[in-house]
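Notes for the one structure printed next.
The values are calculated or read from the model by the stated rules, or taken from the named source; none is laboratory data. Computed from a prediction, not measured in an experiment: that's the story for all the values here. Cβ placement follows ideal geometry from the backbone for every residue including glycine, while neighbour counts extend to all protein chains displayed. With ligands, DNA and RNA removed, areas are computed over all heavy atoms of the protein, side chains included. Shrake-Rupley method; radii C 1.70, N 1.55, O 1.52, S 1.80 Å.
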Amino acid sequence: MTTNITKAWWKESVIYQIYPRSFKDSNGDGVGDIPGIIEKLDYLKELGIDIIWLCPFYPSPNDDNGYDISDYYGVMQEFGTMEDVELLFKEAEKRGIKIIIDLVVNHSSDEHNWFVESRKSKDNPYRDYYIWHPPVNGGPPNDWVSFFTGSAWEFDEVTGEYYLHLFTKKQPDLNWENDQMRQEIYKMMRFWLDKGVAGFRMDVIPLISKEPGFPPFPKDFDGYFPQVYASGPRVHEFLKEMNREVLSKYDVMTVGEGIGVTPEEVNDYVGESSKELNMVFHFGHMFLDRKPDDMLAWRDWSLEEFKDVFETWEKALGNEGWGSIFLGNHDFPRIVSRFGNDKEYRLESAKMLGTLLFTLKGTPYIYQGDEIGMTNVAFPSMEDYNDVQTLNAYRAFLENGGTEVEFLKKAHPFSRDNARTPVQWDASEQAGFTNGQPWLKVNPNFKEINVETALRDKNSILHYYKKLVKLRKQHEVLVYGETEIIDKPNPEIYAYTRTLENRQMLVVLSFSDTETDFVLPGHLATYANSSKVIMCNYPVLPHAAQNTLTLRPYEARVYMLK
Ligand code: TEU
Ligand code: CA
């Protein structure tokens, strides 16, 4: 099998996501900061990553932890200064690490100067930077809902109109129909690119173009609700313009948060000839276990559905587009708690999930702490929670007659705070994250799960991740090879080959907590019998493959077939 995929540095890279508030506090105020990241660059270099995705570090009232930006050109005081950020860029570059930053331009903070002006009067020059609408029948213009519970419209007394906010009411949506506003965004992007950033992760970018006339939410819609708001009529025009005027002038990469994007349309965003973005994150596997429109309602899912998500997207992307592989981020539960077993098989299942991350086709993204197998937390009281999505859902839950105890049961597996507890650096107080009181409590399991312990133990998840990074760098087939699923309906095993020209690898992953037999199809068994296991998450390697592989709980194996 040959491939005519265009090669690119960002396809071959490994990306590490940093949520600065929770990464490392350098000055004891309990909040992670930029100097804290600089301290840990050598650690990241050792891990082998190529690119850091830095979550928002700009001034913000922190209604949504930095995703509500009040100044696109500055640095949040708690995180440090512009000099600190410039030093971070320089120190990263010294180590051969690139940095991409979060571009949050579907909305700003209501404390951004543009909005402060915009709400003053109907004829303010900034009025049209946001989306204002007069009341309809004395109420909101339509029935759109915010991603974080309640109406997406907020009434503003000053001018007697509503403004649109798809997220919290402190995150008013910017009006991309306004040419001048768009030019301001492009100018700001150039500002950061000229400082040396290697690209952007674009927050909820498919939402920037709104349906004209603001029609009501379609009746009987049974898909995933962001699809209704995503991919508005001018989204591709805007992204092409952004690419033409800004991105195409630099050698950079972009990854859009592909919320609401369907496989059928993905190459309109990332297909090479579309000249818009390089990659998007797809969310099919992130919403398998919850009802689309209700974070609190869980549903059962099967491994087959999970495989189908990745297969569908790889097929849809073909040779025109490129994928991004992630299992979690700052918005979702910890991957080992969600897709693995964070109790008796934490080590094995975290390594197995890592194997998946690095052997599927697409650029892999590690979320901070996953490389040591950090787990979900179960705070005993709602007072311990910080995330605005969780708190809004809690308020609505109480209004509907629920209790704190009931809500906690639901919040434990789904709250975004699961991924936001401080990174566990060592076994000292507060996990070595801070000398003070952390802004969010440290997970009580830090004495066992922390970086220092993992560095000392050659059998740790961390060391396994390092090997995976190396493996992917050594074998081009793991980057560019095509994936073919074997025995897709198998409810416990996720197995696939990766093939590039005359090279072939076989990956076999068990999602089961018991021993499981897996029968290889004839054509593969022939090769497997004489092939080498080049990666395995159990210390004792299995013998060379036979037709039937007996996999231990959460076992992961990578064979070099040819
Ligand atoms: O997330 C967008 C998004 O769709 C999330 O709201 C997601 O559905 C939810 O968190 C799942 O639990 C981005 C950012 O990643 C998120 O942190 C921000 O809160 C949001 O945009 C608004 O900027
Ligand atoms: Ca600090």
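For the reader, a short list of remarks on this structure follows.
- Matching residues in segment 163-190 - criterion: being buried (at least 20 other Cβ atoms within 10 Å of the Cβ) and among the aromatic types (Phe, Trp, Tyr): Tyr163, Phe167, Trp176
- Summed over segment 164-190, residues that are within 16 Å of ligand 1 (Cβ to nearest atom) and without any contact (Cβ under 8 Å) to a residue 60 or more places away in the chain total 3.
- Qualifying positions in segment 88-97 - open to solvent by 40 Å² or more (accessible area, probe 1.4 Å) and part of a loop (DSSP other than H, G, I, E, B): Arg95, Gly96
- If you go through segment 373-424 and keep only what is of a type in the set (Gly, Ala, Ser) and outside any helix (DSSP H, G or I), you end up with Gly373, Ala378, Ser381, Gly401, Gly402, Ser415.
- Residues located in segment 18-30, provided they are open to solvent by less than 10 Å² (accessible area, probe 1.4 Å) and either within 16 Å of ligand 1 (Cβ to nearest atom) or among the hydrophobic types (A, V, I, L, M, F, W, C) (or both): Ile18, Tyr19, Pro20, Ser22, Phe23
- Any hit, segment 352-366, residues being part of a helix (DSSP H, G or I) and charged (D, E, K, R): no
So that you can scan it fast, the table gives a plain yes or no per residue for (1) in contact (Cβ under 8 Å) with a residue 12 or more places away in the chain; (2) open to solvent by less than 10 Å² (accessible area, probe 1.4 Å); (3) of a type in the set (Lys, Arg):
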residue	(1), (2), (3)
Trp192	yes, yes, no
Lys210	yes, no, yes
Arg234	yes, no, yes
Tyr250	yes, no, no
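- Selection within segment 241-265 - more than 24 Å from Lys98 (Cβ to Cβ) and either hydrophobic (A, V, I, L, M, F, W, C) or touching an Asp or Glu at 6+ places or on another chain (Cβ under 6 Å) (or both): Ile259, Val261
- Test: residue in segment 289-297 that is under 22 Å from the mean Cα position of the chain (by Cα) and basic (Lys, Arg): yes
- Test for Asn341: is it in a loop (DSSP other than H, G, I, E, B), within 20 Å of Thr483 (Cα to Cα) and open to solvent by 10 Å² or more (accessible area, probe 1.4 Å): no
- Filtered by the rule that a residue be away from ligand 1 (no atom under 16 Å from the Cβ), of a type in the set (Gly, Ala, Ser) and farther than 20 Å from Ser13 by Cα, segment 313-362 gives Ala316, Gly340, Ser349, Ala350.
- In a residue-by-residue description of segment 355-375, the property of being open to solvent by less than 30 Å² (accessible area, probe 1.4 Å), farther than 25 Å from Gly323 by Cβ, of a type in the set (Ser, Thr, Tyr) and touching a residue at least 60 places away in the same chain (Cβ under 8 Å) applies to at least one position.
- Failed criterion for Pro61 (all others in (1) within 15 Å of ligand 1 (Cβ to nearest atom); (2) open to solvent by less than 40 Å² (accessible area, probe 1.4 Å) hold): (2)
- Hey, Gly481 farther than 30 Å from Glu304 by Cα and either more than 16 Å from ligand 2 (Cβ to nearest atom) or surrounded by 18 or more Cβ atoms within 10 Å (Cβ to Cβ) (or both) or not: no
- Yes/no for Tyr269 being open to solvent by less than 40 Å² (accessible area, probe 1.4 Å), over 20 Å from Ser108 (Cβ atoms), of a type in the set (Ser, Thr, Tyr) and not in a strand (DSSP E or B): yes
- Complete set of residues in segment 284-307 that are touching a strand residue (DSSP E or B) at 6+ places or on another chain (Cβ under 7 Å) and open to solvent by 30 Å² or more (accessible area, probe 1.4 Å): Lys291, Trp298, Arg299
- Within segment 64-87, the only residue that satisfies the criterion of being farther than 23 Å from Phe148 by Cβ, open to solvent by less than 30 Å² (accessible area, probe 1.4 Å) and aromatic (Phe, Trp, Tyr) is Phe79.
- Any hit, segment 44-54, residues being farther than 30 Å from Leu317 by Cβ, open to solvent by less than 10 Å² (accessible area, probe 1.4 Å) and away from ligand 1 (no atom under 16 Å from the Cβ): no
- The number of residues in segment 125-139 that are outside any loop (DSSP other than H, G, I, E, B) and of a type outside the set (Val, Ile, Thr) comes to 7.
- Summed over segment 484-501, residues that are of a type in the set (Lys, Arg) and surrounded by 17 or more Cβ atoms within 10 Å (Cβ to Cβ) total 1.
- Listing of strands (runs of 3 or more DSSP E) fully contained in segment 469-558 that carry 3 or more residues being out of contact with any His (no Cβ under 6 Å at 6 or more places or on another chain) and closer than 26 Å to Lys11 by Cα: 482-486, 493-500, 503-510, 532-536
- The criterion of at least 1 residues that are within 16 Å of ligand 2 (Cβ to nearest atom) and in contact with a Pro (Cβ under 7 Å, 6 or more places away or on another chain) is met, among helices (runs of 4 or more DSSP H) falling completely within segment 1-87, by 20-23, 34-39.
- Cross-chain or 6+ apart pairs with Cβ under 6 Å, segment 418-444 first and closer than 24 Å to Val388 by Cβ and of a type outside the set (Ser, Thr, Tyr), then open to solvent by 40 Å² or more (accessible area, probe 1.4 Å) and more than 14 Å from ligand 2 (Cβ to nearest atom): Leu440/Asn386
- Picking from residues in segment 394-410 that are open to solvent by less than 40 Å² (accessible area, probe 1.4 Å) and aliphatic (A, V, I, L, M), the one that is nearest to Pro380 (Cα to Cα) is Leu408.
- Exactly one residue among Phe310, Phe281, Phe332 is within 30 Å of Val246 (Cα to Cα) and either without any contact (Cβ under 8 Å) to a residue 40 or more places away in the chain or open to solvent by less than 30 Å² (accessible area, probe 1.4 Å) (or both), and that residue is Phe281.
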